[in-house]
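Working notes, beginning with the structure itself.
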Amino acid sequence: MPEYNETHQEVLEALADGIPGAKLRWLSEFTADTDVAVVFGWFKYAYIPTMRKRPIIENYLPRGRLIVVESAFLKRKQYYQVGWNGFAGYADFKNEGVPMDRWNALDIETQPWTKKNDGLVVVCGQLPRDTQVQDVDHLAWCRETFQWADKRFGERAVFRPHPRHKVPWEYGIDPSRWDERRLQDVFADASLIVTYNSTTGVEAAVAGVPVIALDRGSMAGPVACDELLESAQAWKPDRSQWLAGIGYAQWTLEE
């Protein structure tokens, strides 16, 4: 368990309560003598305390004996994702072919795919030093991807800085082209959402907006286009099995 985060402690304690024989250990006291290691989140270069997880992950991941807990994809204050050997699109949630019951229980309205083909094309920025993008130059990705969108869609192309990024000018994109409205308002005017691997891609697909997701770590991957293509606006596959899988990828503390 991490000494630095009480919420992570609470979640891991709840998980241990449901696993016969599970033992809780502080990160600083962990020894590699267990069959399976469970961690909350990945290590983050920008936050030194999390680096204690790195040797654990590097020990158990190659052997396929790692479980990673993280914030969920939807209803993030109530649910947590639990996957084998990674998080989000990198994880195996053992949810292939599952029924729709857990998705239905989430009680989230799924909008039909939009018929809009002249709406906004929204390039979504992520926190530049967050775990999901720490191994790439995300700021450069944002600039280059927005240039692509601007060249092909003109004024329809907008950039959405991550709402928690404290220095959004760091993205290097003209603020006059930013769209900082509520996400649902952005979706209502959009015909395409472009992400690297942001959870925004999941929310967009549920809201009926086609998605480009360029990294396999995106949980929206199964229903998204994985290339920068103008035709991605017409990328509208059946979402049923993908939605069912999300239902079986995230869990409450009680569960």
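Every number in this text was worked out from the coordinates using simple rules, so none of it is lab data. Remember, predicted model here, so these are calculated numbers, not experimental data. All Cβ positions, even for glycine, are placed from backbone atoms using ideal geometry, and neighbour counts span all protein chains on display.
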Evaluate the charge dipole of segment 113-215 about its Cα centre and quote only its size in Debye, nearest 20, assuming +1 on the Cβ of each Lys and Arg and -1 on the Cβ of each Asp and Glu.
200
Taking 25 Å as R0, compute the FRET efficiency from the Cβ-Cβ separation of GLU230 and ARG177 and round it to 0.05.
0.85
Can you give me the distance in nm between label points at VAL167 and ASN5, each placed 7 Å from the Cα along the Cα-to-Cβ direction?
2.3
List, in order, the whole-Hz ³J(HN,Hα) value for each residue of segment 160-171 obtained from phi through the Karplus relation with A = 6.51, B = -1.76, C = 1.60 and θ = phi - 60°; use x for Gly and Pro.
10, x, 5, x, 9, 7, 7, 10, x, 5, 4, 5
Quick one: grab Rg to one decimal and Dmax as a whole number for segment 1-111, Cα atoms only, in Å.
14.9, 48
Among (1) 26, 21, 18; (2) 34, 22, 15; (3) 29, 22, 18, which is the computed semi-axes √(5λ) of the Cα gyration tensor in Å?
(2)
Taking amide hydrogens as modeled 1.01 Å from N in the peptide plane, which residues meet the under 5 Å criterion relative to VAL211, leaving out close sequence neighbours?
ILE193, CYS225
For segment 6-98, percent of DSSP beta bridges that are antiparallel (nearest 5) comes out at 65
With θ set to phi - 60° and the Karplus curve 6.51 cos²θ - 1.76 cosθ + 1.60, what are the ³J(HN,Hα) couplings of segment 143-155 in order, to the nearest whole Hz, using x for Gly and Pro?
5, 5, 6, 5, 4, 4, 5, 5, 5, 8, 10, x, 5
Work through the residues other than ASP137 whose Cβ is under 14 Å from its Cβ and net out their charges, Lys, Arg +1 and Asp, Glu -1.
-3
Which peptide among 118-126, 18-26, 102-110 comes first, and what is the full order, when sorted by highest mean count of other Cβ atoms within 10 Å?
118-126, 102-110, 18-26
So, how do all the Cα-to-Cα distances of segment 124-232 break down into 10 Å bins, in percent, from 0 on up?
15, 52, 32, 1
Of 58-65, 33-40, 220-227, ordering from highest average Cβ density within 10 Å down gives 220-227, 33-40, 58-65
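Assuming a ≥ b ≥ c are the square roots of the Cα gyration tensor eigenvalues, decide whether segment 180-230 counts as rounded (a/c under 1.5), prolate (otherwise, with a/b larger than b/c) or oblate.
prolate
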Out of residues 5 or more away from VAL38 or on other chains, whose amide H comes under 5 Å of its own, with H placed 1.01 Å from N in the peptide plane?
ILE67
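Just to be sure I understand: of the beta bridges DSSP finds with both ends in the chain, what percent are antiparallel, rounded to 5?
Of the beta bridges lying entirely in the chain, close to 35 percent run antiparallel.
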Cα atoms only, segment 45-106: Rg and Dmax in Å?
14.0, 40
Any idea what the relative contact order of segment 120-238 is, in percent, if you count C-alpha pairs under 8 Å spaced at least 6 apart?
23
The ³J(HN,Hα) series, computed from each phi in segment 28-38 with the Karplus coefficients 6.51, -1.76 and 1.60 at θ = phi - 60°, rounded to the nearest Hz and given as x for glycine or proline, is 5, 10, 6, 10, 7, 10, 10, 6, 9, 9, 10
